[in-house]
Amino acid sequence: MNIKSVQPVSDYFKAMQQYKDARATQGQSQLASIRNILMLGKKLRTDEMDYLQRHDPSLHDQALSLSMERQAYEYALQNSRSKADANYYNTFKLMQIAGQLKQGGSEELQMRTNSIQEAHREFLQSSKYASLRSGGA
């Protein structure tokens with residue numbers, strides 16, 4: 001048995017710790033990035049949802065809830081009969097969230113607000129909105 005030095009073993013453990021620290025930092029950075037996307041009201045990609053499911057189940061549940069609420073809102077917009085209806089529904093939805101904000105603001109309510117506003121902006125730019133008549137029902 002030829003043992004040259006104990007130093008390479010300690011170097012190995014130091015390198016492994018640095019690798020673990022880098023991975024942890026990368027994971028925190030990935031979570032912060034995903035949280036930022038949600039705060040901007042944007043939709044998450046499938047791989048981002050999968051990452052959340054593995055690394056932050058609570059935020060994953062929150063993102064899933066945001067996604068379902070946004071889909072329901074988008075469906076309602078698609079079925080609007082006029083531009084006034086679409087704008088009324090936007091106001092109604094935001095007032096619902098604002099009522100909950102009065103009871104205590106939270107990051108989730110901010111995410112919900114931004115998600116609804118982003119969906120509404122996208123709808124306003126769509127051909128479906130352009131084809132709606134201007135007046136009310």
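What does the charge count near residue 134 come to, summing +1 for each Lys or Arg and -1 for each Asp or Glu among other residues with Cβ under 12 Å from its Cβ? Local charge sum for residue 134: +2. Converting phi to 3J(HN,Hα) with the Karplus coefficients 6.51, -1.76 and 1.60 and the offset θ = phi - 60°, the range 39-50 yields 5, 7, x, 7, 7, 8, 6, 4, 5, 5, 5, 4 Hz in sequence order, with x at every glycine or proline.
Where a number appears in this text, it was derived from the coordinates with a stated rule and is not lab data. From a predicted model like this one, the values you see are computed outputs, not experimental measurements. We place every Cβ from the backbone using ideal geometry, glycine too, and count neighbours over all the protein chains shown.
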